[in-house]
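Chemist: Dropping a structure here in structure tokens format, bear with me for questions.
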Amino acid sequence: MVYKPRLTEVQKHIDHYWLLSAKDFSVLNGMQMYAYPGITPDMIIVLEGYYSLSYQGKKLRSNQSLLFSFIHEKVYVDFSALKRCIVVKFKSRGVSSLKPFVRADVDTIMRNPMAFAEDAFGAEIQGLNNYLKKCGTALMVPELDYWFAQRYQKADEGFMVEMSQEVSQDCNLGIIMQTTGYSYSTLERYFKKETGLPPKTFQTLQRFKKVLRELSTTKNQDWQDYVLRHGYHDQSHFIKEMKRFTGHTPSALVQIPSFIKLRPDYF
């Protein structure tokens, strides 16, 4: 089940909590998932069982909660031995959606894009984990909200990414510069400070994220439609960018069961 945060300060930075059990995995008809490069931090809170994953040439099997602050390349996750977990999906704003809850600067976070949650949030996350293991589903969302609200620091919020998305939903740098009066070098300084990424990289990943979401939910295979609506140079450019980030052409990607099935209604 997917639940939205209820507290305002948490809603601003966390999109949803995805509560999963062995029954849910069975209904979803899949125990494996690929996560692709993007600007959405994710945290897996393990309640029962363990997961296995492959990332950047490393293989890991663990029952410790895990945080992906930024995904540099495709991640393969096997949930077959995981009985219960919670996936915390932050807003698609890069590290800036994570920063208000983590006491570390952007450079440190980007140097450790995959870390155990205890390393990122401190030992008190073990208390949260122990409580969530014992409480019922109805209490999980309020407890998660309360825990993140307790860690929330308004002073660590950025403004550039949120403002840019309000000015231009597709993060059009020309429109943002024209509206704000900022030069590209000024935009770059703010974006790197808030997200760890230059604005052009952020823009590219934001577009990829939108297309990936649309492709997984609509199964639309009219590639030219994506070209026209998302600003790719041509169909070849679209296909190359999808393959660059996923390792697959769009046609091959939609044939992968774990790409389509093991996801909430929105992500």
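Chemist: Between TYR146 and LYS58, what FRET efficiency follows from the Cβ-Cβ distance if R0 is 41 Å, with the result rounded to 0.05?
Modeler: Computed FRET efficiency for TYR146 and LYS58 comes out at 0.75.
Chemist: Past the 24 angstrom mark, what percentage of all C-alpha to C-alpha distances in the stretch 134-267 do you count?
Modeler: 49
Chemist: Pairs of lysines 8 or more apart, or on different chains, with alpha carbons under 22 Å: count those in the stretch 152-227, would you?
Modeler: Step by step, the pairs that qualify in the stretch 152-227 add up to 10.
Chemist: Want the number for SER168 to ARG111: 0.36 nm per residue separation, take away the alpha-carbon distance, what's left?
Modeler: Roughly 17.6 nm would be gained on extension.
Chemist: Taking Cα extents along the principal axes in Å as the quantity of interest, determine which of (i) 63, 40, 33; (ii) 51, 37, 37; (iii) 52, 45, 33 was computed from the displayed structure.
Modeler: Comparing each candidate, only (iii) matches the computed number.
Chemist: So what is the accessible area of the chain per residue, in Å², with the probe set to 1.4 Å?
Modeler: 47
Chemist: While we're on this one: Test of understanding: what is the full-extension gain from THR179 to GLN11, defined as 0.36 nm times their sequence separation minus their Cα-Cα distance?
Modeler: Working it through step by step, the gained length comes to 57.8 nm.
Chemist: For the stretch 24-111: lysine pairs with Cα atoms under 16 Å, gap of 8 or more or different chains, count?
Modeler: The number of close lysine pairs in the stretch 24-111 is 4.
Chemist: Helix-derived [θ] at 222 nm for the chain: sum -39500 (n - 2.57) over DSSP H runs of at least 4, divide by residue count, nearest 500?
Modeler: Only helices count here, giving -13000 deg cm²/dmol.
Chemist: Pull up all non-local amide H partners of PHE79: gap of 5 or more, or a different chain, and H-to-H distance under 5 Å with H placed in the peptide plane.
Modeler: GLN32, MET33
Chemist: For the stretch 88-198, with all protein chains present and a 1.4 Å probe, just round the carbon and sulfur fraction of the accessible area to a whole percent.
Modeler: Summing carbon and sulfur atoms, their accessible area is 49 percent of the total for the stretch 88-198.
Chemist: Sticking with this one: Please list, in order along the stretch 67-78, the HN-Hα scalar couplings obtained from phi with the Karplus expression 6.51 cos²θ - 1.76 cosθ + 1.60 (θ = phi - 60°), rounded to whole Hz, x for Gly and Pro.
Modeler: So the J values, rounded to whole Hz, are 10, 9, 7, 7, 9, 7, 8, 4, 10, 9, 10, 10.
Chemist: Using 7 Å Cα-to-Cβ label points, what is the SER251/GLU124 separation (nm, one decimal)?
Modeler: 5.4
Chemist: Right, next: Which far-off residues, 5 or more places away or on another chain, put their amide H under 5 Å from the one on GLU48, with H placed in the peptide plane?
Modeler: LYS83, ARG84
Chemist: Follow-up question, since we're still on this one. List the aspartates and glutamates whose Cα lies under 18 Å from the Cα of LYS134, skipping any in the same chain that are fewer than 8 positions away.
Modeler: Counting by Cα, and skipping residues close in sequence, LYS134 has these aspartates and glutamates nearby: GLU48, GLU124, GLU143, ASP145.
Chemist: Further, regarding this structure: What distance in nm separates the two pseudo spin-label positions at THR186 and LYS83, each 7 Å out from Cα along the beta-carbon direction?
Modeler: The modelled label-to-label distance comes out at 5.7 nm.
Chemist: At a Förster distance of 35 Å, what's the computed FRET efficiency of ASP234 paired with PHE159, Cβ-Cβ distance as r, to 0.05?
Modeler: After rounding, the FRET efficiency stands at 0.50.
The values are calculated or read from the model by the stated rules, or taken from the named source; none is laboratory data. If you're wondering where the values come from, they're calculated on a predicted model, not measured in any experiment. Note that we place each Cβ from the backbone using ideal geometry, even for glycine, and neighbour counts take in every protein chain shown. The protein model used for the area step is the full one, side chains on, heavy atoms only, and it has no ligands, DNA or RNA in it. Shrake-Rupley method; radii C 1.70, N 1.55, O 1.52, S 1.80 Å.
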